[in-house]
Structure formats: C-alpha cells, structure tokens
Amino acid sequence: MDQKTIQTDVAIIGAGTAGLYALREVRRANKQFVLIDKGPLGTTCARVGCMPSKLALHEGALQKRQQNTENKTNTFDADKLNKTWARLQEQRDFFANRASKAATSAAKDQLLTGNARFLTPTTLEVSNAGQITLVQAKKVIIANGSRPAIPAWLDPVLEHTISTDELFELKELPSSIGILGLGAIGMEMGLALSRLGIKVVGADLSPAIAGIADPHINEQAIARFSQEMELWLGQPTAVSLADKGVLLQSGNRQAKVDLLLAALGRRPNLDALNLQAAGFPLNEKGIPAFNPHTMQITGLPVFLAGDCTGSKTLMHEASAEGSIAGFNAVQDNPVCFKRMQSLGIAFSDPDVFSVGETLGNLKEHNTITGKAQGTNNGRARVLHEENSLLHIYADAQSGTLLGAAGMTARGEHLAHLLAWAIQRQETAASLLQMPFYHPVLEEMIQSALQDIVRQMPVQSPYPFGLSVLNCN
C-alpha cells in the first residue's frame, strides 16, 4: 500500500460550512493547511438540509396557493409531483455544486480526499483507494459534520425507510408517507409533502411539535397544522411490514403508508475517527469535552466545530464555530468569543420560532410574558393568519427581554428582530421607542411589548413608546 507524509500547520477534517469558515481564518493568517474530506463535497445545508427543504416548502406553497385560487381539492398526481421533484433536485444541485466549487477553490492543491482517522491527537491517517497519507499537524480542527440517526428498532422496516438525507435523492415520490420525528425538519418536510398532494402521517413521542417549549404556542401550532397532516403525539409508535409498505400503530390508531421517513435527529460523525484509541477523553456520547467559547478540546491542540459537536445543528452556528476554531488554531493562546443568541426557526408557514431563553428555563416569578394574537393584528387578518400567536418573555423588574416564542405568518422576520433585540439586551420600554409602521406583522411585537410594560411593577409617567428630550 502506497504511503506519503504531509507536515502542516493546521489540518481541517471536513469541507462543510464549519470547515470552510475555519479554513478562511487559517488562510487569513497565511498558515499552511490541509483540508480533508471523504466526499461528496457540498455542505449539508446545500445538499440535504436547509436549501432543498426550503425549495420543497416553496413548491408546496405554490401548489397550495393554486389550489386555493382554483378552489380545488389537494389530490395526488404522480406525474406532476415527480416533475416538480425533479425541478427541485436541479435547483438543489445548483446550491450543492456552488458549495463544492467553493471548497475546491479555497483549498486548491491542499484538498485531500479520503477517510481520516487519528493515530495521535496531531497525527492523522487518510486513506483513499489504497493510498495512505499521514498528516502531521501542529493543530487539528474536526468539522466533519453529522448524519441522520436511524435507530436499530427500525431494522424490520428498513427496506421501506429513508433518512432525511435520502429523501432528496428519490426519483419518484410515494402517494403516502409516515414521518417519525416531528422536530423542525420533520414538520417542514411533512407540511411540504402534504401540500404537494401526498398523504402524511407524522408521529412523535413528544407532545410538542417543532421543538416548541411554550405550551400555548404548541397548542396553537397543533391546531393549525393538524388541518394539513395527521399528527400522532405523546405516545410511542410501533412499525411493522405491511403489503408494499409500513404499518404504523399508536394507541388505537393505525395507518398504512408506502414509505417511512426517519426524522429522528442527527448524530456526530466522530465514531470513525478513532478518537479514544488516539488519546481523546470522551463522554458517554463519544464527544470530547470542549470549551464552547474557544472550541478547543480540553488539554489538546485540537478544535471542534459544526454539527460534530452534537449541539446546535444550524448553519449560522456552524459558521461561527468554524470561525472561532480556525482563528484559535493559529493563535499561541486561544481567545474566548461570546456566542450568539439562540435562534431557531421552522419554516412551516406560518413559521414557528424560538429565540433566547425558553419558557421552561425561566423562573416564572421573575418573568413577565407579553402576548400578542393575530386576531388583533391588521396585517395578520389581511393574510388570513388570525391564529398567529407571539409570546415575549422579559425580566419582571427591569423589562429586559430574555426570550420569545411564536407561531406567526412570516415569523422568520419577527424572530430575527427579536434575536437582535435580546442579544443587545434591549428592554420592552426601549424597543417601544422604535417606529412601528401600520399595518405590519411587526406590530405584534409592539403589542406584546406593551403588554409587558403594563405588567411592570414600576410604571413610567410618560406615554408608551416616547422618550423624553431636554429642550432647555
């Protein structure tokens, strides 16, 4: 077996979002590097995550709008659906190819294709088609992503089961599909496929959907989305083979579906790296202890970034972690960086979102909840989204915003405004001094802020939303 050795300043495992952001910082420092990836190139977001899922949601929304306009019933049309899916895959390939070209352009001759495993914390063995390359690095960044979790109890129906990664490779879509796991991706794909004309049955052991922690938001969301897809919540679901498909059973309910989509989360791609044998101390999940503000693994010149950390599998978190890891990998002493405010969005239309602290993490007696409903918002009524609901959580004494949750039309925009405000430690009173146009959905934020101010123990003598100017 052929073998060669490479010595470098920084070795980066993984050419996804986190790896490429890490590479940017290493290149800025003019350090030698090698970028290792087993392929295919193209980020998880571009190939199988945020971009194709949003394409599917957009196509579903277009079809739903057309049906509403023509007053037609949503029916399964295999030929039309498969043509739509083929167009979606072409658009997905555009995003994936662009991400792939970004990796090859950034790494050039320093891109090493193959499977990496650690021999020591700074020595890697990379194998590809009989060729072995030893990489000896001063620092290493692990950013090799994650993969869908497919538990062993699905083995009896594995031939009729696909992961969220495999969904976007299908050439033909089924007339019915069961979805196990109703987190953000499970709900997004369930609603998208339902709007495209597929019968969808979604099941989750949790009583909440899309990771919603606020019980009132969850109740409103279930009422809204159960009109579009069947929801089985709060009970285990058994699966067994049926004639040309899978039988789902939960309590006294059962349904036969052609295909099963496992949307049961993702697991870090760390198990193939030989970490324990190479001297990495691991926790019960097989993940090394690391500092989230430096991304450095405790006691080692090695850094983690992105989905492989097992924490927030989101692109903006991966880019931040990659930047932190890449910057610190070229420093003599690592720098601690402040992490961004927590932000999660399910593009379910109406969107479901959570920002900052969740209700369960807040002490009720120290917190005020400001509420706003779509029934009282002119723009929401125009859009026929009166069921929109927004909760903003604030400190009971200062009015400082701590978190928010909602299910609203175009909630992606409200979520960003609230995340920025919470990160800047704005108060309900200070935000009310900002302009709110009419009629806009942002007035729901204004209404919730006013609700907070009304509940404050100390009331300002001045009108809500006005700041005093010294005219003398």
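The values are calculated or read from the model by the stated rules, or taken from the named source; none is laboratory data. Predicted model only: the values in this text are computed from it and were never measured. In this analysis, Cβ positions are derived from the backbone assuming ideal geometry, glycine residues included, and neighbour counts consider all displayed protein chains. These area figures cover heavy atoms from the full protein model, side chains too; ligands, DNA and RNA do not enter into them. Shrake-Rupley method; radii C 1.70, N 1.55, O 1.52, S 1.80 Å.
Here's the yes/no breakdown for (1) hydrophobic (A, V, I, L, M, F, W, C); (2) open to solvent by less than 60 Å² (accessible area, probe 1.4 Å):
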| residue | (1), (2) |
| --- | --- |
| Lys256 | no, no |
| Asn269 | no, yes |
| His293 | no, no |
| Ala320 | yes, yes |
| Gly326 | no, yes |
Elements of type helices (runs of 4 or more DSSP H) contained in segment 372-449, each with 1 or more residues being touching a strand residue (DSSP E or B) at 6+ places or on another chain (Cβ under 6 Å) and acidic (Asp, Glu): 411-423
Among (1) in contact (Cβ under 8 Å) with a residue 24 or more places away in the chain; (2) farther than 30 Å from Leu390 by Cβ; (3) touching a strand residue (DSSP E or B) at 6+ places or on another chain (Cβ under 9 Å); (4) open to solvent by less than 40 Å² (accessible area, probe 1.4 Å) - the single one Ser194 does not satisfy: (2)
Test: residue in segment 342-361 that is open to solvent by less than 30 Å² (accessible area, probe 1.4 Å), more than 26 Å from the chain's Cα centre (by Cα) and either of a type in the set (A, V, I, L, M, F, W, C) or under 21 Å from Leu35 (Cβ atoms) (or both): no
Qualifying positions in segment 211-220 - part of a loop (DSSP other than H, G, I, E, B) and either over 25 Å from the mean Cα position of the chain (by Cα) or surrounded by 20 or more Cβ atoms within 10 Å (Cβ to Cβ) (or both): Ile212, Asp214
Residue list for segment 203-224, filter: in contact with a His (Cβ under 7 Å, 6 or more places away or on another chain) and of a type in the set (Asp, Glu): Asp214
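Does Leu401 fit the bill of being within 22 Å of Ala213 (Cβ to Cβ) and surrounded by 15 or more Cβ atoms within 10 Å (Cβ to Cβ)?
yes
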Any hit, segment 431-444, residues being modelled with pLDDT of 95 or more, hydrophobic (A, V, I, L, M, F, W, C), closer than 25 Å to Phe225 by Cα and crowded, with 21+ Cβ neighbours inside 10 Å: yes
Complete set of residues in segment 135-168 that are aliphatic (A, V, I, L, M) and part of a loop (DSSP other than H, G, I, E, B): Ala143, Ala149, Ile150
Count - residues of segment 226-239 that are open to solvent by 40 Å² or more (accessible area, probe 1.4 Å), touching a residue at least 12 places away in the same chain (Cβ under 8 Å) and either polar (S, T, N, Q) or in contact with a Phe, Trp or Tyr (Cβ under 8 Å, 6 or more places away or on another chain) (or both): 1
Residue within segment 186-195 that is part of a strand (DSSP E or B) and out of contact with any Phe, Trp or Tyr (no Cβ under 9 Å at 6 or more places or on another chain) present: no
Residues of segment 274-293 classified as in contact (Cβ under 8 Å) with a residue 24 or more places away in the chain and within 22 Å of the chain's Cα centre (by Cα), total: 4
